[in-house]
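Engineer: Pasting a structure here, questions to come.
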Amino acid sequence: MDISSILDNKLIIALGSGMVGALAARILSLMKGRVQELQYTVKHESVAISADDAIFGSVKASWQGNELKNLYNTKLVLFNDTARDFKDVVVKIYSGDTVLLSERCVIDGTTYIPEYTEEYKKKVPIPPTEPFSEEQLKIYRHGREYKIIALNREQSATFTYLTTVPVGNGGPGVWADIQQEGVRAVHKEIVPEVHGVPLKRALPVGLVACFVILGLVSGLNFPIWLAAGITLLVGLMAQSLGAWLCKVAAAIKRFFSH
């Protein structure tokens, strides 16, 4: 049976179309049903360090009259770069040896702030009606739990704390967690970016695109000066070109996963 006879057979075409349609529907359903990831970044900036130096003298870091070994400004940003809007997102902020002190939380671009969950307020009454117990103080110093009523696509929430590490010589450690159906929190390292895309991802994509464009220009028999100008321009824009191609690919991926 040759190709022309297969194409003339309506039954075979119908069966083939049905199988392709079913496969496409299955792929789309799998993409829709997968867990969405809300990425977050954490940045620590040193504010002060207590030290006694024979030459420069004594430096003391303190918070509310209490002397600290060190003091940091910690900023955690949780952002929604998916194609979905999320409601009633419960976010847990936790630390190891790091102590969370004062805080400032905001849903960026709005006048709203993340509120403590009712479960958290039962454990740690805020504002306190009486001094915290040792257990309550431990919970408050090493974790917070918030409820974000709505976190729409392209929106972010910022959690800023004064932190200190009372033991050891390492820096602070603060993380976020989400235990909710269909969504999870994923830590994203802060790296050099080009138009919001990590440089180590944008540059290789841009270089490959440059080689493709160079091949096309070579095959179209452009004048030498024009071909040289195009390749020079594309080469100078390799990082930006790669970043925009990555953004287009991400947008297509979000569209099919919506």
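Engineer: Scan the range 192-251 for residues that are closer than 30 Å to THR41 by Cβ and of a type in the set (S, T, N, Q) and jot them down.
Structural biologist: Correct list: GLN239, SER240.
Engineer: Being touching a helix residue (DSSP H, G or I) at 6+ places or on another chain (Cβ under 9 Å) and under 30 Å from ASP85 (Cβ atoms) is the filter here; which residues of the range 133-173 pass it?
Structural biologist: Within the range 133-173, GLY143, ARG144, GLU145, TYR146, LYS147, ARG153 meet the criteria.
Engineer: In the range 80-124, what count of residues is obtained for those that are in a loop (DSSP other than H, G, I, E, B) and out of contact with any His (no Cβ under 7 Å at 6 or more places or on another chain)?
Structural biologist: Of the residues in that region, 16 qualify.
Engineer: Let me ask you something else. Looking at (1) of a type outside the set (A, V, I, L, M, F, W, C); (2) assigned to a loop (DSSP other than H, G, I, E, B); (3) under 30 Å from GLY196 (Cβ atoms), which is the only condition PRO127 fails?
Structural biologist: With (1) of a type outside the set (A, V, I, L, M, F, W, C); (2) assigned to a loop (DSSP other than H, G, I, E, B); (3) under 30 Å from GLY196 (Cβ atoms) applied to PRO127, the lone miss is (3).
Engineer: Just checking, does the range 66-75 include any residue being open to solvent by 70 Å² or more (accessible area, probe 1.4 Å) and closer than 30 Å to ALA249 by Cβ?
Structural biologist: Checking the range 66-75: at least one residue is open to solvent by 70 Å² or more (accessible area, probe 1.4 Å) and closer than 30 Å to ALA249 by Cβ.
Engineer: Select, from THR129, THR117, THR98, the only residue that is open to solvent by less than 40 Å² (accessible area, probe 1.4 Å), β-branched (Val, Ile, Thr), more than 24 Å from PRO172 (Cα to Cα) and more than 21 Å from the chain's Cα centre (by Cα).
Structural biologist: THR117
The values are calculated or read from the model by the stated rules, or taken from the named source; none is laboratory data. In this text the structure is predicted, and so the values were computed from the model without any measurement. Glycine gets a Cβ as well: all are built from the backbone with ideal geometry, and neighbour counts include every protein chain shown. Keep in mind that these areas ignore ligands, DNA and RNA; they rest on the heavy atoms of the full protein, side chains included. Shrake-Rupley method; radii C 1.70, N 1.55, O 1.52, S 1.80 Å.
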